[in-house]
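Single-structure report; data block below.
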Amino acid sequence: MLPGKRSETEGMPGVAEKPQYIVTVTAADRVGIIQNVTGSLRESGGNILELSQTVMRGFFTIILAVEFDQPRETTALEKEIAEKGKRFQLEANVLDVSAAASAAKPEPEGERYILTVLGKDQPGNIHGISGCLANLGVNILDLHARVDGDRFSLIMEAFLPADLQPATVRTELERFGKTVGLEVYVQHENIFRATSEPHQVRVSPVRV
């Protein structure tokens, strides 16, 4: 199933949802790890619902949402992944989503926004930014930050509660940014995707 897609039976009364697990795998980066991990999960009967992967400072990390037809013992699944990826020296961790979800609070209504922060690098940038958002009740869904020389850049996907105005978020972040030399941009998810994602381009024939 593709990331972000819901199954046709999900949420339907009388239809039991399949058990789901969050799988995290870390190792020194080498060619072939994704193929190994996804193949291992397939052989174990898992269906990957969502995946995120990155390489940082030479270390590979992947996190997957996986569903199975039958419940799996998390420790046993970790051992299967590590054993099948023995040549990569994988470190695997498996979390039972149903067990964690039972203690989670229902997600409030709201919308997703893309926040971009640019400026001078210095200790405390991410701590200050995340602190501003936490005080406003903003949930950070995805975040990527990078330092290039003395330049700091951060882009995140954040969930804003329905009663919180984007202008309020921007004002609070700008207030923090002024003290440390950071510029802040807040865009609705739909606007960001419309202006950032690649689109088909029609090329007309050249007239001679």
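The values are calculated or read from the model by the stated rules, or taken from the named source; none is laboratory data. The shown structure was predicted, so the numbers you read here are calculated from the model rather than taken from an experiment. Neighbour counts are summed over all protein chains in view; Cβ atoms, including those assigned to glycine, are modelled from backbone coordinates with ideal geometry.
Return a yes/no flag: does segment 157-164 have any residue that is among the aromatic types (Phe, Trp, Tyr) and at pLDDT 90 or above.
Checking segment 157-164: at least one residue is among the aromatic types (Phe, Trp, Tyr) and at pLDDT 90 or above.
Within the set of pairs 6 or more residues apart or between chains, which connect a residue that is under 17 Å from Lys84 (Cβ atoms) and in contact (Cβ under 8 Å) with a residue 60 or more places away in the chain inside segment 37-55 to a residue that is surrounded by fewer than 13 Cβ atoms within 10 Å (Cβ to Cβ) and of a type outside the set (A, V, I, L, M, F, W, C) with Cβ atoms less than 9 Å apart?
none
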